Amino acid sequence: MGWFTTADTEEFLAVAGEYLRAEPARNSVVLTVTEDLRVKAAARSQAAGSPTAGSPTAGSPTAQPSAAAPGSGPDQPLFGWWRPPARPDAESAGEVGAVCMHTPEFPVLLSQVSAQAAAELARDLAAAGHQLPGVNAAQEAADAFAAAWRDRTGDAVTLYRRMRLFRLGRLGRPAAGPGGAARLATERDHDLLAGWFDAFAREVGDPPRHDSRAVVGERLGYGGITVWEAGGVPVSIAGRTRTVAGMVRVGPVYTPPEPRGRGYAGAATAAASQAALDAGVRQVVLYTDLANPTSNALYQRLGYRPVEDRVIFSFARARRGLRFTRERTRGLCPAGRR
């Protein structure tokens, strides 16, 4: 069968939702991104006074057996699912065996997938003329995708980041926590938080975004940012995604340079994690940059345990590709920004 792609979030979830929900921790990024898109679409529909469009079913005409989904473009997300080749005696197509997602500015993200299927996707996307800044996948799949992409496009491939996914076991707290207290961010924090989100992106070397205020506003709307205050002054934040499939992902975690080294990032992370548990969340996850031993050790002290490692490769032509700022500072959780 191979890969099928669509620009329709609802169609993608109708086909691949069961696959994603079967392992919410490993599929946390795809689940939370599609949930955000679903919520935004519902809000737009309500504002326009029309009901949300129904979800197409698997096999509808918009599901294309290639990377050229109708209606997709450089400013729209692209989603895909892979089905294994049907057996001669099979009466129907096989179950979804892998998924992919490409959102503007970010590398294409692959779920657990074979090297062969990853390379097939790279060839399909290249043939369809898609421009990708990179790939985010487990090592074997990332290697295969990057090699196929380089062969088809001539792009240079460079290691950008190695990440580790952690899942919370039993939440622990530092024996001697810092002074201060946690609170949910409010609208009065909007300007400060937008500046901190931008600073976070610069420090971890992520591509700049022009919608930090919108991102902050969206998170404020569902209580998605925890502020740690010391002496009544905000000193650290820990974000979290919407809850989907009983899971939330913590991030970004950011402390400005001056108050670092005092335990504020750990306190904010613990508070955000506890708030998720108090809300009935079954799984709390986060990503770390493996180049940052401080944050990796911190999260393990809080009770987070490794689930899987991933690698990001950057694809670059002239004046294109992910930036390679390698500055690493305390209290950062790079992948959580998404």
- [ ] Please go through segment 1-35 and pick out each residue that is among the hydroxyl-bearing types (Ser, Thr, Tyr) and either without any contact (Cβ under 8 Å) to a residue 12 or more places away in the chain or over 19 Å from Arg167 (Cβ atoms) (or both).
- [x] Thr5, Thr6, Thr9, Thr34
Open item on the list: Regarding segment 308-330, can at least one residue be identified that is under 22 Å from Arg26 (Cβ atoms), open to solvent by 50 Å² or more (accessible area, probe 1.4 Å) and modelled with pLDDT of 95 or more?
Closed with: yes
Open item on the list: I need a count of the residues in segment 160-201 that are small (Gly, Ala, Ser), crowded, with 17+ Cβ neighbours inside 10 Å and farther than 15 Å from Thr269 by Cα.
Closed with: 2
Task: Verdict on Val244 being open to solvent by less than 10 Å² (accessible area, probe 1.4 Å), among the hydrophobic types (A, V, I, L, M, F, W, C) and at pLDDT 95 or above - done: no
Open item on the list: Looking only at residues that are open to solvent by less than 10 Å² (accessible area, probe 1.4 Å) and in a loop (DSSP other than H, G, I, E, B) in segment 202-240, which one is farthest from Leu192 (Cα to Cα)?
Closed with: Gly205
- [ ] Report yes if Ala268 is part of a helix (DSSP H, G or I) and in contact with a Gly (Cβ under 9 Å, 6 or more places away or on another chain), otherwise no.
- [x] yes
Open item on the list: Could you go through segment 162-169 and let me know if any residue there is outside any strand (DSSP E or B), closer than 19 Å to Glu105 by Cβ and in contact with a Ser or Thr (Cβ under 9 Å, 6 or more places away or on another chain).
Closed with: no
TODO: Could you list, in sequence order, all residues of segment 182-200 that are among the small types (Gly, Ala, Ser), under 24 Å from the mean Cα position of the chain (by Cα) and not in a helix (DSSP H, G or I)?
DONE: Ala185
Open item on the list: Could you check segment 96-116 and list, in sequence order, the residues that are small (Gly, Ala, Ser), closer than 21 Å to Ala14 by Cβ and crowded, with 18+ Cβ neighbours inside 10 Å?
Closed with: Ala98, Ser111
Open item on the list: Being assigned to a loop (DSSP other than H, G, I, E, B) and modelled with pLDDT of 95 or more: is that true of Val285 here?
Closed with: no
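The values are calculated or read from the model by the stated rules, or taken from the named source; none is laboratory data. The structure displayed is predicted, hence computed values, not measured ones. When we count neighbours, we look across all protein chains shown, and the Cβ atoms used for this are built from the backbone with ideal geometry, even at glycine. Ligands, DNA and RNA are excluded from the accessible area calculation, which covers all protein heavy atoms including side chains. Shrake-Rupley method; radii C 1.70, N 1.55, O 1.52, S 1.80 Å.
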